[in-house]
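What follows is a set of notes on a single structure, which appears directly below.
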Amino acid sequence: MVTHFSRFQHLLLQPRLLSSHQSRALQHPLIRTLTVIRSVMGSSSSSSSSKLLFRQLFEKESSTFTYLLADVSNPVKPALLIDPVDKTVDRDLKLINELGLKLVYAMNTHVHADHVTGTGLLKTKVPGVKSVISKASGSKADMFLEPGDRVSIGDIYLEVRATPGHTAGCVTYVTGEEADQPQPRMAFTGDAVLIRGCGRTDFQGGSSDQLYESVHSQASFHANLIFTLPKDTLIYPAHDYKGYEVSTVGEEMQHNPRLTKDKETFKSIMSNLNLAYPKMIDVAVPANMVCGLQDLPPQANL
Ligand SMILES: [Fe+2]
């Protein structure tokens, strides 16, 4: 697993160089104390870090959340977007420009069936942006992730956990556990765990058996772990249809009406949902397999 960590070392941005004055200041006991206090100030509804800029954005038509994360302690202010939507790309870029951020990565948790991803469009509008998705998705992108990989923006990183079941290629992105990373930790679960729900498992290689294992299993370190994260870990899903914005691992372990059940009951619930065929699936999935752009110019590298 550790070997995966080095695969993207070349993509890590250089940490800010400290002047000797700044280095001395950080050694001051009062400043060390303040740093520690700041790192434990996280509440149940938001994560706390002096480095992290975090925004939760919403696309109404597909009820999709897009997440913007940036390391504002780095002079470049490198940023990434998780699950951008094509229809809200201009809004996202306006915000990124207003905040003076540099978009580096446009990432997806999985190949979506209910909306077209904004990653391809972002690449055409912001030169240098890399599209990112799991290798297991089978989709086109600039970077393919495997369990245990890390994606870094400045000093902040996300680790990749395989959470298949809604689709075969679903991953969850989790912030690092070290004290200098945002506390409490944040898990971007895609459609694996929704607030008081979960994604459907009846198409795109979905499996209710696999989804249950993805959430509950303790089988390996970087795969299949959501409910084994610390209970105060904030859960940020890809969608919400009821007006929720954020939950925690502990809250879902206690109150999720599907995932609190035993596996057989969960499988029975999932096979009896009788959901309609998703209206966007025939457009969205083929588009999302090529980064959200179907008619590619020959030179495009998505
Ligand atoms: Fe989905």
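Each residue in the stretch 161-198 was checked for being in a strand (DSSP E or B), of a type outside the set (S, T, N, Q) and modelled with pLDDT of 95 or more, and 9 of them qualify. Scanning the stretch 250-268 for residues that are touching a helix residue (DSSP H, G or I) at 6+ places or on another chain (Cβ under 8 Å) and in contact (Cβ under 8 Å) with a residue 60 or more places away in the chain, which turns out surrounded by the most Cβ atoms within 10 Å (Cβ to Cβ)? Taking the candidates together, the pick is L259. Looking only at residues in the stretch 63-83 that are among the polar types (S, T, N, Q) and surrounded by fewer than 20 Cβ atoms within 10 Å (Cβ to Cβ), the one that is nearest to Y173 (Cα to Cα) is S63.
Look at the stretch 156-170: where a residue is within 19 Å of Q204 (Cβ to Cβ) and a partner is among the acidic types (D, E) and within 12 Å of the ligand (Cβ to nearest atom), sitting 6+ places away or on another chain with Cβ atoms under 6 Å, you get H166/D191.
Of note, G118 does not satisfy the criterion of being within 13 Å of the ligand (Cβ to nearest atom), at pLDDT 95 or above and not hydrophobic (A, V, I, L, M, F, W, C). Considering only residues in the stretch 127-149 that are of a type in the set (K, R) and touching a Leu at 6+ places or on another chain (Cβ under 7 Å), the one that is nearest to C291 (Cα to Cα) turns out to be K140.
Surrounded by fewer than 23 Cβ atoms within 10 Å (Cβ to Cβ) and under 16 Å from T260 (Cα atoms), is that true of R196? Can you show your working first?
Numbers: surrounded by fewer than 23 Cβ atoms within 10 Å (Cβ to Cβ): yes; under 16 Å from T260 (Cα atoms): yes.
Yes, satisfied.
Can you work out which of the residues in the stretch 216-238 that are closer than 16 Å to P257 by Cβ and at pLDDT 95 or above is nearest to the ligand (Cβ to nearest atom)? Checked the stretch 216-238; the qualifying residue nearest to the ligand (Cβ to nearest atom) is P237. Among the residues here, A168 qualifies as surrounded by fewer than 20 Cβ atoms within 10 Å (Cβ to Cβ), within 15 Å of the ligand (Cβ to nearest atom) and not hydroxyl-bearing (S, T, Y).
Regarding K140, is this residue more than 16 Å from the ligand (Cβ to nearest atom), in contact (Cβ under 8 Å) with a residue 60 or more places away in the chain, over 17 Å from the mean Cα position of the chain (by Cα) and surrounded by fewer than 22 Cβ atoms within 10 Å (Cβ to Cβ)? So K140 fits the description; yes.
Considered as a group, the residues in the stretch 239-255 that are of a type in the set (S, T, Y) and within 15 Å of M186 (Cβ to Cβ) include one that is farthest from the ligand (Cβ to nearest atom), and that residue is T248. Taking the numbered list (1) surrounded by fewer than 17 Cβ atoms within 10 Å (Cβ to Cβ); (2) of a type in the set (S, T, Y); (3) in a loop (DSSP other than H, G, I, E, B) in turn, T201 passes all entries but (1). Condition check for L158 on (1) within 17 Å of Y67 (Cβ to Cβ); (2) within 16 Å of the ligand (Cβ to nearest atom); (3) outside any loop (DSSP other than H, G, I, E, B); (4) of a type outside the set (D, E): one failure, at (2).
Consider the stretch 177-192 and keep the residues that are away from the ligand (no atom under 12 Å from the Cβ) and not charged (D, E, K, R). The one that is surrounded by the fewest Cβ atoms within 10 Å (Cβ to Cβ) is A179.
The values are calculated or read from the model by the stated rules, or taken from the named source; none is laboratory data. Here the structure is a predicted model, which is why all the values come from computation and not from measurement. Don't worry about glycine lacking a Cβ; one is built from the backbone with ideal geometry, like all the others, and counts go over all protein chains shown.
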